[in-house]
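The values are calculated or read from the model by the stated rules, or taken from the named source; none is laboratory data. Being a predicted model, the structure only gives us computed values, none of them experimental. Here the Cβ positions follow ideal geometry from the backbone for every residue, glycine too, while neighbour counts run over all protein chains shown.
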Amino acid sequence: MRELRPGLWHWRARHPEWRDSEPWDPNVSSYAIADDERLLLFDPLGVPSELEALAAGREAAIVLTAPWHERDAEGLVERLGAPVYTPLPDSAQYLMDTYGLTAEQAGDGSPDVVWLLREGKGEARPYSAGDRLPFGADVFQGHKPNDTVLWLESHGAAISGDTLVDFGQGLEINERWLRPGVTREEIAAGLRPLLELPVEHVLATHGGPFDRADLERALSSS
């Protein structure tokens, strides 16, 4: 674990569902922001005990950049009683319309965070692109409607789920998982407003952290 700037931490942990066929490194990144009032855990996996201890006396919350980045969220909810900010999972209709699945294949939609949304194990606080979250984060849409990039001006940080990644070639737009009919340039254009902001840290959950120059290269038109 390392502190990138006062109150902003980064650490890595091995993802338990990683397989040899995955393009991403088995060790994924998580981040935390803490001040005197609040502890925010972003896509948390293997939270260091000293960070988890900061929840005492603070308002803790878990923030998922995408619903499938739930990682250790369920266990943290049980221990900390923290609410979970998350985009909603893919609905059955979305899966049918986007990927051509049958109703049988789509079932009840994606099973992401089912424990939170369907089983009621915790307090869900759904959000979507265009929202401003109560702790001062602006939400940008990534390569899917429910894969986001969060901008936190208070720490000069952009936090990305699966849109800005490092799969071994440095920070780049993730073209492997683009939706049918969506191009890299469309995603880059949607994120270029970030370059008008005072971004200092780009906190990718696959790889990272990175800096502003890396973001500029990732969002270039070439």
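With the requirement that a residue be polar (S, T, N, Q) and modelled with pLDDT under 95, what does the range 45-68 give you? 49, the sole residue that qualifies. Within the range 189-221, the set of residues being of a type in the set (Gly, Ala, Ser), in a helix (DSSP H, G or I) and closer than 28 Å to residue 45 by Cα comprises 213, 218. Do we have residue 206 as buried (at least 21 other Cβ atoms within 10 Å of the Cβ), modelled with pLDDT under 95, in contact with a Lys or Arg (Cβ under 8 Å, 6 or more places away or on another chain) and not charged (D, E, K, R) here? Here the answer is no, as residue 206 does not meet what is asked. Scanning the range 145-159 for residues that are part of a loop (DSSP other than H, G, I, E, B) and closer than 26 Å to residue 34 by Cβ turns up at least one hit. Here residue 109 passes the criteria (1) in contact with an Asp or Glu (Cβ under 6 Å, 6 or more places away or on another chain); (2) closer than 21 Å to residue 160 by Cβ except the one numbered (2). Out of 191, 152, 171, 164, one residue alone is closer than 30 Å to residue 81 by Cβ, touching a residue at least 12 places away in the same chain (Cβ under 8 Å) and not aromatic (Phe, Trp, Tyr). It is 152.
Please work out which residue is modelled with the lowest pLDDT, limiting yourself to the range 14-29 and to residues that are closer than 11 Å to residue 206 by Cα and surrounded by 13 or more Cβ atoms within 10 Å (Cβ to Cβ). Top of the filtered list is 24.
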